[in-house]
Amino acid sequence: MKGRRLLLGWFGALALVATEVAVALRFPGWAAPAIVLGCCVAALLIVGLVFMRLPSGPPLAHAFVIAVLFWLAVLLGLGGMDPFTRIDYPVPVTRHP
Amino acid sequence: MSDAALPRELQYASPQHQAGAALAGMWLFLATEVLFFGGLFFAYLFCRHQHPAGFALGVRNTELVTGTVNTVLLLSSSAVYAAGLLAAEAGRRRALLLALAVTAALGIAFLALKGHEWLDDFHRHLFPGRGFGLHGPHAGGAALFFCFYFVATGLHALHMLGGLGLVGSIAWRARRGAFDRGWTTPVEVVGLYWSFVDCVWLVLFPLIYLIGRAA
């Protein structure tokens, strides 16, 4: 049963990688990065849930995973808030003596 | 086999307690690694936001076939290692050793392909600096992309080398029968690290080879 789950996870992850490549090559539109990153997240979930067996891990491991996702969101969210929302980049004034 | 026969340090109440502490410790280490790579990924996002055309130019100059084959190799190595863990839990030493050998071979194949790819990049003058091989209005952005490319893939390769050492140490201990009595925690702990290195590559792959390629 566990072996079958592993095999399905492996095939699923490979299918997701194939989808990523096909979408990146065939679709130049704005949706392509979203689809590619969506497939990437799905593949990460497969590795975490099936290969790394997170659901059967100790409760402390679950707490660490939740904590790191929170801090990663803080890092990317707060860090990106200014550069990704700023529309005006004033040219710095250089004063010559 | 009774729990009492499993190896246990005196500070733990039971073998299960010891195994849980070891696994949680590895997850904590991996959490610090996620934040380490998180800073790198944030730098990528910031630079890409500033130079979208330059980054797309950089992506179009990477070797997609090599990157895709490497992704398949790493995913397969993770799956094989996980199968090896199942074998260890079933007390099948030969199957575990075979899985460890295949895992290491796939990891070495990954590094060999990556080394070949780097050599090709150097020959095409894609290393940022004087004589950078890409020209035009977006060459500066492409040079930034290749800064990220070499730093990220280099750090990943260092983690792979560490992982290969750990897989080798598990194989050495398995050969001596260390995991024949139902105690497989070290196998599982190293498997977590190996799969984490796979996870890092799964994020790097679209950033380096895919997003912007069809632009």
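The values are calculated or read from the model by the stated rules, or taken from the named source; none is laboratory data. Please read these numbers as outputs of a predicted model, since none were measured by experiment. Note: ideal-geometry Cβ built from the backbone for every residue, glycine included; neighbour counts use all protein chains shown. Note: areas computed on protein heavy atoms with side chains; ligands, DNA, RNA excluded. Shrake-Rupley method; radii C 1.70, N 1.55, O 1.52, S 1.80 Å.
What's the angle, to the nearest 10 degrees (0 to 90), between helix B:15-50's Cα axis and the longest principal axis of chain B?
0 degrees
Kindly sort A:W30, B:W201 by accessible area of their heavy atoms, largest first, with the probe set to 1.4 Å. Could you put the intermediate results ahead of the total?
Working: A:W30 220, B:W201 0 Å².
Per-residue accessible area, sorted high to low, gives A:W30, B:W201.
Enter the accessible area of A:R5 (Å², nearest 10), with the probe set to 1.4 Å and all protein chains included.
Accessible area, nearest 10 Å²: 120 Å².
Which order do you get for A:D88, B:D121 if you rank them by accessible area with a 1.4 Å probe, largest at the top?
Highest to lowest solvent-accessible surface, that is A:D88, B:D121.
What's the magnitude of the charge dipole for the protein assembly as shown around its Cα centre, counting Lys and Arg as +1 and Asp and Glu as -1 at the beta-carbon? Answer in Debye, nearest 20.
Numbers: 21 positive and 14 negative charges, 97 e Å.
My answer is approximately 460 debye.
Shielding of B:49-59 by partners, i.e. mean partner chain Cβ atoms within 10 Å per residue?
Across the residues of B:49-59, the mean count of other-chain Cβ atoms within 10 Å is 1.
Would you rank B:T71, B:T32 by solvent-accessible area, highest first, keeping every protein chain in place and using a 1.4 Å probe?
Working: B:T71 0, B:T32 75 Å².
Solvent-accessible surface, decreasing: B:T32, B:T71.
Towards the positive end of the charge dipole of segment B:27-210, with charges on Cβ (+1 Lys, Arg; -1 Asp, Glu), say which of B:G165, B:A31, B:F127 has the farthest Cα.
Looking along the dipole axis, the top candidate is B:G165.
Averaged over every viewing direction, what's the projected area of the C-alpha convex hull for segment A:1-52? Give it in nm², one decimal, please.
Details: hull surface 12.9 nm².
One quarter of the hull surface, i.e. the mean projection, equals 3.2 nm².
To the nearest 20 debye, what charge dipole does chain A have about its Cα centre, counting +1 at the Cβ of each Lys and Arg and -1 at the Cβ of each Asp and Glu?
On the way: 7 positive and 3 negative charges, 76 e Å.
My answer is approximately 360 debye.
If you take the C-alpha gyration tensor of segment B:27-210, multiply each eigenvalue by 5 and take the square root, what semi-axes do you get, largest first, in whole Å? Intermediate values should be presented prior to the final figure.
On the way: eigenvalues 274, 51, 27 Å².
So the three semi-axes of segment B:27-210 are 37, 16, 12 Å.
Does segment B:83-173 classify as rounded, prolate or oblate by the C-alpha gyration tensor (a ≥ b ≥ c root eigenvalues; a/c under 1.5 gives rounded; else a/b over b/c gives prolate, otherwise oblate)? Present the calculation step by step, with values, prior to reporting the outcome.
Working: a/c = 4.22, a/b = 3.67, b/c = 1.15.
It comes out prolate by the Cα gyration axes.
In chain A, with Lys and Arg counted as +1 and Asp and Glu as -1 at Cβ, which of these residues, A:F27, A:A42, A:F70, has the Cα nearest the positive end of the dipole, that is, farthest along it?
Sorting the options by dipole projection puts first A:A42.
With charges set only on the Cβ (+1 for Lys and Arg, -1 for Asp and Glu), what does the dipole of segment B:52-149 come to about its Cα centre, in debye to the nearest 20?
Values: 7 positive and 5 negative charges, 42 e Å.
The calculation lands at about 200 debye.
Springs between alpha-carbon pairs under 10 angstrom, Gaussian network model over chain B: which of B:L64, B:L73, B:L35 fluctuates most?
B:L35
Please check: in the Gaussian network model of chain B (C-alpha springs, under 10 Å), which one of B:G20, B:G54, B:G141 has the largest mean-square fluctuation.
Greatest mean-square fluctuation among the candidates belongs to B:G20.
Run the numbers on segment B:64-215 and let me know its relative contact order in percent, using alpha-carbon pairs under 8 Å that are six or more apart.
On the way: 135 pairs, mean separation 52.2, N = 152.
Computed value for segment B:64-215: 34 percent relative contact order.
Using only DSSP helix segments of four residues or longer, with each worth -39500 (n - 2.57), what per-residue ellipticity at 222 nm results for chain B after dividing by its residue count and rounding to 500? Could the numbers behind the result be given before it?
On the way: 6 runs with 160 residues, N = 215.
Dividing the helical sum by the residues of chain B leaves -26500 deg cm²/dmol.
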